[in-house]
Amino acid sequence: MEIAGNRNHSSHPKRKRDDIATNGADHIDLALLEAVEKSQKVVEVLDLRTVKKLSLSFERRLRDNTEARLKYPDQPERFADSEVELHDEIQKLKVLAAGPELYPDIVKLGVVSSVVDLLSHSNTDIAIDAVQLIQDLTDEDVLEDNDEPARVLVDALIENNVLDLLVQNLHRLSETDPDEMSAVYNTLATIENLIEVKPVVAELVCERTKLMKWLLGKIKVRDFDSNKQYASEILAILLQNSTVNQRRLGQMNGVDVVLQAVAMYKSKDPKSPDEAEMVENLFDSLCCLLMPLENKERFVKAEGVELMIIIMKQKKSAYGSAIRALDFAMTNYPPACERFVDVLGLKTAFAAFMGKILLNKKNKKERYQEELEERIVSLIASLFGGILRGTRKERLLCKFVENECEKIDRLMELYLRYSDRVKVEMERLSEIELDDLEMDEEEKYNRKLESGLYTLQLIAVILGHLWCSEHSQMRARIELLLKQQKLTRQDIKNILQEYHDNIGDLDGPEEKERTQGKIQKFISAL
């Protein structure tokens, strides 16, 4: 099974609310240019004294605005000027992002708590200003090589309930307004920034706020926009390394909602690269959701198996992602394997296994085809692991006998190709060692896995299942093909033995012992 590991989430261009003003088509406002130059000079001399000056000025304007609002609650014109001045002061604070090493001093001055409080300001524009400021201060590029100051700032933000207030503010923003739509994007960017600095935020934000509920609501919307794309990415980030979040979302009907979102692409392709990335994010989320056993059950009940088969039959761009989702669903979960056979999924799966896939131009890249091969091999290995007896097992085995054992021919073709790839990698590793570069056994084994050893091991496992069926025609075909390539059953046994010796206990000692026992049975039979 393919592991839903960390994925490199591409960085998005951060939207800016204010564009540089121009007078006429070609004439730049000289006054504005002069102001920009002055602001750059401020950045150059940013020090503790400047930080204190900015902080005091900001706190003064905040106090004036608070007092004016309390004094004239029903007369907006009486506090409007103080709001404009407060807005200007918040803009000035953005210069602090130029000196992340000063963040601990900013925290000590109490500026952080005041800025965070602005997220609940009655004027949405002021709250949007606060979101932009926090995003700027926590931007990945700003915090680079400033790990400790970054942690101090993020800890202070969290202590002052920034997660709760960001998400509460998110719920009141309307995406029909351009500025508020931009603020939604900036809020999601800020949450991503916080997780980047402090990964535990991924679970904290789900535990303390209704962010997951908002994200589910966003991905359910039929129309595509940049915020729906970003919502799908944040969802994938929240799920990728957290069993707690995977289970929490499952309890919120999340499996069904994600299935509804991907179902929009069962018979159509995304219209742009951004939309294609969103679909990939949704499938990443689905695969992460399918890690806990209870969510596999929800997937089967929600007819997720049937939906993935439909997507495969349509042969659109989500084809490979559907295979991957099925593999996650069927790993260590026999009911999903049984449903797959019962709804006639074998024909669709083995068409993919035989390479009978009409790929569009975009998907004809060599690496994409390799990924498809690896995923379908993994899926078939999962099927053999989940279907142990009865008519379903017979139907699965029959696929390898029909058409003069063409599936075994294909399996051996893949065996040889991946075996060659692993040999090339082993030779390369030997050359590295000759150059006196030290590499421990674990690192060498991981390099071999990356080069194709894992898929080769799965192919050997499938061959083990076929051999243990004691079907004379299949055994004869395997023997013939090995002999033609000057190989023996010992070669397969060697691959299985290495697999046996390196099985980890990620799924618990009992599962490790069970899997090792199964592999040992194949080795003995061969």
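The values are calculated or read from the model by the stated rules, or taken from the named source; none is laboratory data. Model, not experiment: these values are computed from the prediction. Here Cβ is always computed from backbone atoms with ideal geometry, including for glycine, and neighbour counts include all displayed protein chains. Side chains included, ligands, DNA and RNA excluded: accessible areas come from the protein's heavy atoms. Shrake-Rupley method; radii C 1.70, N 1.55, O 1.52, S 1.80 Å.
Things worth noting here:
- Normalised by the number of residues in the chain, the mean separation of alpha-carbon contacts (under 8 Å, six or more apart) gives a relative contact order of 9 percent.
- Judged by the mean number of other Cβ atoms found within 10 Å, the most tightly packed of the peptides 495-505, 134-144 leads the ranking 134-144, 495-505.
- Efficiency of FRET from Cβ geometry, residue 223 and residue 471, R₀ 45 Å, rounded to 0.05: 0.25
- Rounded to the nearest 10 degrees, the angle from helix 509-525 to the longest Cα principal axis of the chain is 30 degrees.
- Between the beta carbons of residue 512 and residue 208, assuming R0 = 56 Å, the FRET efficiency works out to 0.95 to the nearest 0.05.
- Under Karplus coefficients 6.51, -1.76 and 1.60, residue-wise ³J(HN,Hα) of region 384-399 in Hz, glycine/proline x: 4, x, x, 10, 9, 7, x, 5, 5, 5, 5, 5, 5, 5, 4, 4
- When the alpha carbon coordinates of the chain are projected onto the principal axes, the ranges are 92, 55, 52 Å, largest first.
- When every Cα-Cα distance of region 415-525 is counted in 10 angstrom steps from zero, the calculated P(r) takes the values 13, 39, 32, 14, 2 percent.
- Over region 248-325, volume per residue of the alpha carbon convex hull, in Å³: 74 Å³
- Relative contact order of region 415-525, pairs being alpha-carbon contacts under 8 Å that are 6 or more residues apart, as %: 27 percent
- Rounded to the nearest 20 debye, the dipole magnitude of region 380-526 is 1260 debye, with +1 charges on Lys and Arg beta carbons, -1 on Asp and Glu beta carbons, and the Cα centre as origin.
- Hits among aspartates and glutamates - C-alpha to C-alpha of residue 52 under 14 Å, sequence gap 8 or more where chains match: 89, 105
- Volume per residue that the Cα convex hull of region 388-475 spans, once the total is divided by residue count, Å³: 100 Å³
- Neighbourhood charge, 11 Å Cβ-Cβ cut-off, centred on residue 383 and excluding it, Lys, Arg +1 and Asp, Glu -1: +2
- Furthest towards positive pole of dipole, 390, 416, 429, structure part region 378-433, Cβ charges: 390
- Relative packing of peptides 508-520, 301-313 - highest average C-beta neighbours within 10 Å first: 301-313, 508-520
- Seen from residue 306, the other residues with C-beta closer than 12 Å to its C-beta sum to a net charge of +2, counting Lys and Arg as +1 and Asp and Glu as -1.
- At a probe radius of 1.4 angstrom, the accessible area of the chain per residue rounds to 50 square angstrom.
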